[in-house]
Each structure stands twice: as C-alpha cells, then as structure tokens.
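These notes are about the structure you will find just below.
The values are calculated or read from the model by the stated rules, or taken from the named source; none is laboratory data. All values reported here derive from a predicted model rather than from experimental measurement. The accessibility values were calculated without ligands, DNA or RNA, using every heavy atom of the protein model including side chains. Shrake-Rupley method; radii C 1.70, N 1.55, O 1.52, S 1.80 Å.
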Amino acid sequence: MGPGGPGSGWPLAGTLLVAVAASMVAGGEDCLWYVDKNGSWHPGFDCEFFTFCCGTCQQRYCCRDPLRLLTERQQRHCLAF
C-alpha cells in the first residue's frame, strides 16, 4: 500500500495542515480592547498579515504560533466575564 493506506498518518497530517493553513489565512485578526490584571484598559489593535492575536484575556499580542491563537470569539467571551 502507498501513502494514505490503512494505518498511515496521512489523514491526520492532512487535517492538521488544513487547520494550520486556515489559521494563517485568518492572519490579520484583530486583538480587541481588553483590561489587564491590574485593571488598565488597552485599546484594540490589528496584527500584520500572517500573524494573529495571541495571549490571554489579560494580555494580548501578535504572533505566528497557531497554538497561541486567541480568536475574536474567545476575546469577546473574555469581555463577558
């Protein structure tokens, strides 16, 4: 059997590749305004192309690491709490 046969990692690798590519396309995703742990207000800002908003509810920055991605939906959830 060739690549993609039973027991190969191709389906998982393909899914992972699509997920990473999708997050890269979402590059430029805005970091919304937030209040840090000291209660200081920070205005929202845009990330450059191929970067996206990363961090936590209390600290945000632009990065290229899809594992640190903080989506706008997650950011709005932070604002609710």
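Of all residues in region 62-81, those satisfying the criterion of being over 11 Å from the mean Cα position of the chain (by Cα) and open to solvent by 50 Å² or more (accessible area, probe 1.4 Å) are 76, 77, 79, 80, 81. Only residues that are at pLDDT below 95 and open to solvent by less than 60 Å² (accessible area, probe 1.4 Å) were counted across region 23-35, and they come to 7. What about residue 39, is it outside any helix (DSSP H, G or I) and at pLDDT 90 or above? Against the criterion (outside any helix (DSSP H, G or I) and at pLDDT 90 or above), residue 39 qualifies.
Of all the numbered requirements in (1) open to solvent by 60 Å² or more (accessible area, probe 1.4 Å); (2) modelled with pLDDT of 55 or more, residue 1 misses one, and that requirement is (2).
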